[in-house]
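The structure appears below as structure tokens.
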Amino acid sequence: MKMILLRLYHVKKVGVFIPAFLMILYLEGDSGGNQVILEKPPEKNVTYPVWLAADSGTERRLPSCIIIGVRKGGTRALLEMLSLHPQIKAAPQEVHFFDNNTNYGLGYSWYLNQFPPLAPGQISIEKSPSYFVTKSVPERIRAMDPNIKLILIVRDPVTRLVSDFTQITYNRKEKGLPIREFDEAMLRSDGSLLLDNYGVATGLYADHIQNWYTHFPREQIFLANGDRLIRAPWQELNKIETFLNLNHSITKNDFYFNATRGFHCMIVKGVRKCLSKSKGRPHVTVKTDTVAKLREFYKPHNYRFYSLVGKDFGWPEE
Ligand code: A3P
């Protein structure tokens, strides 16, 4: 095993295009004499590839669960809050393995290396919000592990859109770039909606989830409610612990309400911790008329989503 580990660090090229369920890594010399990792479809009951971390008795494993989106749905809050569970270890950054061809081209060995070492009994988890809307991702995740658990956290698509626009506005301001009013960016001069910009399509949840349901059974995708995560995070987390087959460990006592931020923040090993300032910022101003138009637009899509997932989120319609 140690020999293989050493050699993995010297891999120049990683093949990932051979469909694999759970994979076995094996090394083979390519024509130029470089080491190439191929992935071959494994026999039944093959365990995940594991790298032993030096001396500590820990190991890295591919994730048991991925938060697939949605962007601005509360993905960071969910990941950080799940990390309160002693059995959950999160990848610190958004990994973007399955939706970024360059990263994907680096292969599972690269992906594995993005996760922290695990103690026995722990699982790893990552979040990359754009997975949800990227057509090729479900198939790629399924090829890695058809049994993986997936979480999608959603909120009212209009609030999501305003949140997204707010983030873009802050980012542009920081870079000294010109910014636009939300209403100006969303409406044509005749007052009709401009639907092909600023992430409107991200909120067409029904379209995206249909793609996922062609690759994964429904029970493998947990639908988390982003509004409930804000109001009473411990309740939503309790359901996710059940979904992940983990002990119930996260409770109301792991949180306190921070009135300045207007959100529940965490108490991590006795230390109070809120998310970064970029989460939960005041939103840009939006005219009520524009909101009404957007709600009208999303209404049929939301109904289709409720029907597909079998859950009515009750998002505002006016
Ligand atoms: P806003 O910044 O628009 O309020 P993501 O991490 O997917 O980008 O989602 C960001 C959203 O997470 C925030 O959107 C905020 O509403 C939500 N959120 C949920 N719980 C939060 C918490 N405890 N602290 C801060 N933001 C939280």
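Exactly which trypsin sites (Lys or Arg not before Pro) in region 79-151 are in a DSSP loop and have at most 12 other Cβ atoms within 10 Å?
Loop-located and lightly packed - K135.
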By the Kirkwood definition, with r running over pairs of different Cα atoms, region 145-274 has a hydrodynamic radius in Å of 17.9 Å
Using the structure shown, list the pairs from K149/K239; K135/K299; K173/K277; K252/K273; K149/K269 with a Cα-Cα distance above 19 Å, or answer none.
K135/K299; K149/K269
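With only alpha-carbon pairs counted, each pair once and no self-pairs, how large is the Kirkwood hydrodynamic radius of region 62-309 in angstroms? Walk me through the numbers on the way to the answer.
Working: mean 1/r = 0.0520 Å⁻¹.
Over region 62-309, the inverse of the mean reciprocal pair distance is 19.2 Å.
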Distance between region 175-201 and region 266-318 - C-alpha centres, whole angstrom:
18 Å
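We did not get these values from a lab; they are worked out from the coordinates using the rules stated. For clarity, every value in this text was computed on a predicted model and none was experimentally measured. Here the Cβ is made from the backbone with ideal geometry for all residues, glycine too, and neighbour counts use every protein chain on show.
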